[in-house]
1. Regarding ALA57, is this residue over 30 Å from GLU283 (Cα atoms), assigned to a strand (DSSP E or B) and either outside the structural domain of ASP140 (by the TED database) or among the hydrophobic types (A, V, I, L, M, F, W, C) (or both)?
2. Name the residue, out of LYS47, LYS42, that is at pLDDT 90 or above, surrounded by fewer than 17 Cβ atoms within 10 Å (Cβ to Cβ), not assigned by the TED database to the domain that holds PRO116 and not aliphatic (A, V, I, L, M).
3. With the checklist (1) touching a residue at least 12 places away in the same chain (Cβ under 8 Å); (2) surrounded by 14 or more Cβ atoms within 10 Å (Cβ to Cβ); (3) not assigned by the TED database to the domain that holds ILE12 in hand, flag the one item ARG106 doesn't pass.
4. Of the residues that make up the range 6-17, is at least one open to solvent by less than 30 Å² (accessible area, probe 1.4 Å), without any contact (Cβ under 8 Å) to a residue 40 or more places away in the chain and not aliphatic (A, V, I, L, M)?
5. When the residues of the range 170-182 are filtered to those that are in contact (Cβ under 8 Å) with a residue 40 or more places away in the chain and open to solvent by 20 Å² or more (accessible area, probe 1.4 Å), which remaining residue is nearest to the chain's Cα centre (by Cα)?
6. Just one of (1) open to solvent by 60 Å² or more (accessible area, probe 1.4 Å); (2) closer than 30 Å to ILE216 by Cα; (3) touching a residue at least 60 places away in the same chain (Cβ under 8 Å) trips up ASP128, so point out which.
Amino acid sequence: MVSAARMETFLIVARQGSIRRAATQLHVTEAAVSAAVAHIEKQLGAKLVAKAGRGIALTEAGRVYAEYCRSILGLMKEAQAAVRQAEIGRLRIGVVATAGESVLLRPLAKFRNRYPDIELSLSIHPRDVLFVELLHHETDLVIAGRPPRDAGLVTRARRASQLVVVGAPDRCRDPLRSTWLLRGRGSGTRDATLALLDQLQISPPTLTLGSHGAVIAAAREGLGVTLIHNDAVEHHVETGALRVLPVDGTPLDRAWHAITTRTPTPTTRLFLAHIMDRAEVGEDAFHNPTTFS
């Protein structure tokens, strides 16, 4: 049987694409890493890696095995968390950038104050990456848009939100003729923007920016208009730095979803109860879409 330590070594080799870089990350010798990979290949009776230029690449068998390793290791860590008391457990939250900056921080701060012994971690990634991590049990809960159908993921709570088109006052008089500012690939808001442009049957110039903050800053400077969650620009609209622009088909209802696997840990359940507790988190509270059991 292959040990968890060897699986972890193999995954680092897969991510780094190099025995040398994997050894550096693990603070062991290259010979030790090579031996671990060779041991797994012998146990499985399959070739998992092959030379590719100066590094290595996974074979098809290696890619399949890496996916299983991610799930197995994720489940092992989840199992350890599941048997601990909820109030002293561990919670790994994954969020898209907009939710991380505009929706989650206040409820998370109150949760931290309420349960100081829980080990918290927060990671910000594009939606598609978050759902893959959740499926592999590498994250306990995701705050993002609607999960893909038939993925085996469950929406436990929702919070209302809308996508609106905003631009700098007096700089973007006609949004249909303006440059549209886009997030990077993998962003749900980017997909919604492209679908809206399709629906409007227009092909305006676009400018892709690498981060949520950069899109807002560019819109404030008059570089273009953007479709964005109202949560993210509420303050900018109130101060007059941005204004909501009338565009057919908007605003779009795009609720935030709190998503888990089918077997959330006790600490994850505790956090879900917290963010749905209006007395505790006020207007930031999520709502239970169905009976949660």
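The values are calculated or read from the model by the stated rules, or taken from the named source; none is laboratory data. None of these values were measured; they are calculated from a predicted model. A quick note on method: Cβ atoms are made from the backbone with ideal geometry, for glycine too, and the neighbour counts reach across all protein chains shown. The accessibility values were calculated without ligands, DNA or RNA, using every heavy atom of the protein model including side chains. Shrake-Rupley method; radii C 1.70, N 1.55, O 1.52, S 1.80 Å.
1. Details: over 30 Å from GLU283 (Cα atoms): yes; assigned to a strand (DSSP E or B): yes; either outside the structural domain of ASP140 (by the TED database) or among the hydrophobic types (A, V, I, L, M, F, W, C) (or both): yes.
Against the criterion (over 30 Å from GLU283 (Cα atoms), assigned to a strand (DSSP E or B) and either outside the structural domain of ASP140 (by the TED database) or among the hydrophobic types (A, V, I, L, M, F, W, C) (or both)), ALA57 qualifies.
2. Details: LYS42 fails: at pLDDT 90 or above.
The conditions single out LYS47.
3. It is condition (2) that ARG106 fails.
4. Scanning the range 6-17 turns up at least one residue that is open to solvent by less than 30 Å² (accessible area, probe 1.4 Å), without any contact (Cβ under 8 Å) to a residue 40 or more places away in the chain and not aliphatic (A, V, I, L, M).
5. Taking the range 170-182 as the starting set, the residues that turn out to be in contact (Cβ under 8 Å) with a residue 40 or more places away in the chain are 171-172, 175-176, 178-182.
Checking the rest, the ones that are also open to solvent by 20 Å² or more (accessible area, probe 1.4 Å) come to 171, 176, 179.
Values: ARG171: 33, LEU176: 30, THR179: 27 Å.
If we take residues in the range 170-182 being in contact (Cβ under 8 Å) with a residue 40 or more places away in the chain and open to solvent by 20 Å² or more (accessible area, probe 1.4 Å), then THR179 is nearest to the chain's Cα centre (by Cα).
6. Result: ASP128 passes all but (3).
Table: residues versus (1) buried (at least 17 other Cβ atoms within 10 Å of the Cβ); (2) under 11 Å from LEU181 (Cβ atoms); (3) within 21 Å of the chain's Cα centre (by Cα).
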{"position": "SER211", "(1), (2), (3)": "no, no, yes"}
{"position": "VAL215", "(1), (2), (3)": "yes, yes, yes"}
{"position": "ALA219", "(1), (2), (3)": "yes, yes, no"}
{"position": "GLY224", "(1), (2), (3)": "yes, yes, no"}
{"position": "ILE228", "(1), (2), (3)": "yes, yes, yes"}
{"position": "ASP231", "(1), (2), (3)": "yes, no, yes"}
{"position": "LEU245", "(1), (2), (3)": "yes, no, no"}
{"position": "GLY249", "(1), (2), (3)": "no, no, no"}
{"position": "TRP256", "(1), (2), (3)": "yes, no, yes"}
